[in-house]
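Just so you know, all these numbers are worked out from the coordinates, no wet-lab data involved. Small disclaimer: the values here were computed from a predicted structure and weren't measured. In this analysis, Cβ positions are derived from the backbone assuming ideal geometry, glycine residues included, and neighbour counts consider all displayed protein chains.
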Amino acid sequence: MSTIWTVKGGQILFTNFKSKHQTIFLDPNFEGSLDLKPKEKVNVILSPSLYWVQKVSLPVKYVRDVKKLLPSLFEDILPEGNYSYSAYKSDDEFYIFAYEDKVILEALTSQGVSTTSIVKVYFAQSELGDISQSKTISPDESLYLKDGLLTMVPSAWTDSSEALDLKDIKLSKHSITLQQFGHIVDNKSLYKIAAIMLVISLLILSEYVITSKKVADISKAKEELFAKHKLKSTMFQNEAMFKKYNFIHKKQMNLRQVTAVVLGLRLNSGEKLSILEVKNGRLNVVFSGVSKGKEKHIKKALKLKGVTFKDSFKSDSWHLEVTL
Amino acid sequence: MNRINPLYVGLLLALGIVFLAFQLGGAKSDLKEAKEEYAKTSKIATNLSGLKSTYADRKKLKASLRRILALSGVRQANITKDEKKSGVKLSSKSMDKKALNTLMGKLLNSSYNITSMKIKRLSEDRVSFKMEIKW
């Protein structure tokens, strides 16, 4: 069962007065209970049971160069799992770490420590790696330094041991950030998905900007069109004017077409065109010398030209009416 | 230690994409509408401009009518011209066939808005003539 070790008043756990936050030691084998105030902020030091550590000398200068190599350096050592890595430099050597965020988070949860109440998380190696003698964590376990690496050993193995005191501990800068959701999606996939979504967003955004610009350009061109043709301010007015002039145009074209047909008629001897009149949208034609029954050749010619008409006889004249 | 759930981040990005796509859809629709509106306006503007210059350009119509009436074949017909703001009335109590042919040929081949007209045969080669043109 995972547990957080705290000791009060001479036992183990303590408050770091400098930072005004309590510092707790998190060990998965602790079987006690933690007495934290609700919403109290704490720093957490991870027991060596919660991480894997190596001290290595590498032909690189900076930690950032080492971080790229971490997965391969632990490749043959770690059991299967979803690991995060960390490293820091001390003198000419690098301390490199592998840990499972999920395991640490479970250990915290089992002790009722919310992730929101955690200030920072440290490895015991970075914070307690300079102890001169073994430190008792529980009646069964102690911290022991061997070859510069801090490990957990059964308390029975150590001859002289004193309780771990975190009261005046000065925490280093080597903290880590737990990936709370690393087990759901790993970082690389997350970045890839985020990058793809971002690219899609940018594409859509650029398309939106281009489209909006096109709309603005068309709107400007439309204004120029209004100015160029001296149009009225509303399309309603312009459409009404267009209808009016188009109506006039059609009537006038029709008038000229029908007049041309009438004037081009071949009349028989004695037949005469007496009156040609345009009135109230109608073309009235009066033929004299056309007796009833003799108008057929004119009617035929008009029908051939597609002219529709009404006709009537009055005394000796034949009246023709064409609606324009 | 307060880390945001990546699912929330993903959801936020997805919502962002949906929002942008919605905005883009609206912009595309606006563009289509603007294009159609422009095409319609352009067509009406061109046609209206042409029709107005044909039937409503008083200055141009008056000048061309003056030229027609000044033609030697038409001048002899003594055509009376009654010009008003809205148009002109032309009339001749008696004119010969030849003058009528010249006059009608010119008037009908030009783009005047002829609202009324009456040509009446008086004899074998003479007619009376009335015409009203509006602009």
I'd like the orientation of helix B:97-109 relative to chain B: the angle between its Cα long axis and the longest Cα principal axis, in ° from 0 to 90, rounded to 10.
10
Which of A:91, B:82 has the fewest other C-beta atoms within 10 Å, and how do the rest follow up to the most?
A:91, B:82
Using only helices, what value at 222 nm comes out for the protein assembly as shown when you add -39,500 (n - 2.57) per DSSP H run of length 4 or more and divide by the total residues, to the nearest 500 deg cm²/dmol?
-14000 deg cm²/dmol
Which one of A:177, A:284, A:198 has its Cα pushed farthest toward the positive end of the charge dipole of chain A, where Lys and Arg give +1 and Asp and Glu give -1 at the Cβ?
A:284
Work out which helices of chain A, taken as complete DSSP H runs, extend at least 15 Å along their axis over the Cα atoms and score a mean Kyte-Doolittle of -0.5 or more, then list them.
A:63-74, A:187-228, A:235-263
Given the C-alpha centroids of the range A:37-82 and the range A:221-252, what is the distance between them in whole angstrom?
79
The long-range amide H neighbours of residue A:123, using H built 1.01 Å from N in the peptide plane and a cut-off of under 5 Å, are A:46
Let me have the relative contact order for chain A, percent, based on Cα pairs under 8 Å that are six or more residues apart.
13
Calculate one ³J(HN,Hα) per residue across the range A:168-176 by plugging θ = phi - 60° into the Karplus curve 6.51 cos²θ - 1.76 cosθ + 1.60, and present them in order as whole Hz with x for glycine and proline.
10, 5, 9, 7, 7, 8, 8, 8, 10
Cα-centre dipole for the protein assembly as shown with unit charges at Cβ (Lys and Arg positive, Asp and Glu negative), debye to 20:
8620
Other protein chain Cβ atoms within 10 Å, averaged over every residue that makes up B:113-120:
6
Grab the other residues whose beta carbon is less than 13 angstrom from that of residue B:86, score K and R as +1, D and E as -1, and report the net.
+3
For residue A:61, give me every one of the lysines with a C-alpha distance below 28 angstrom, ignoring sequence neighbours fewer than eight places off in its own chain.
A:89, A:120, A:146, A:170, A:173, A:188
Ranking A:317, A:312 by Cβ neighbours within 10 Å, fewest first, what do you get?
A:312, A:317
Find the centroid of the Cα atoms in the range A:291-324 and in the range B:1-77, then give the distance between the two in whole Å.
48
Using unit Cβ charges (K, R positive; D, E negative) and no other charged atoms, how large, in debye to the nearest 20, is the dipole of the range A:192-231 about its Cα centre?
100
Within the range A:3-184: Cβ-based charge dipole about Cα centre, in debye rounded to nearest 20 (Lys, Arg +1; Asp, Glu -1):
960
What is the sum of charges, Lys and Arg at +1 and Asp and Glu at -1, for the other residues whose Cβ falls under 13 Å from the Cβ of residue A:141?
-2
HN-Hα couplings for the range A:122-133 via Karplus (6.51, -1.76, 1.60; θ = phi - 60°), in whole Hz with x for Gly/Pro, come out as 10, 8, 4, 4, 6, 9, 10, x, 10, 5, 8, 9
Listed residue (A:161, A:116, A:237) projecting farthest to the positive dipole end of chain A, Cβ model
A:237
For the residues A:141, A:223, A:106, what sequence is obtained by ranking on other C-beta atoms within 10 Å, fewest first?
A:223, A:106, A:141
Quick one: helix B:58-69 against the long Cα principal axis of chain B, what's the angle to the nearest 10°, folded into 0 to 90?
30
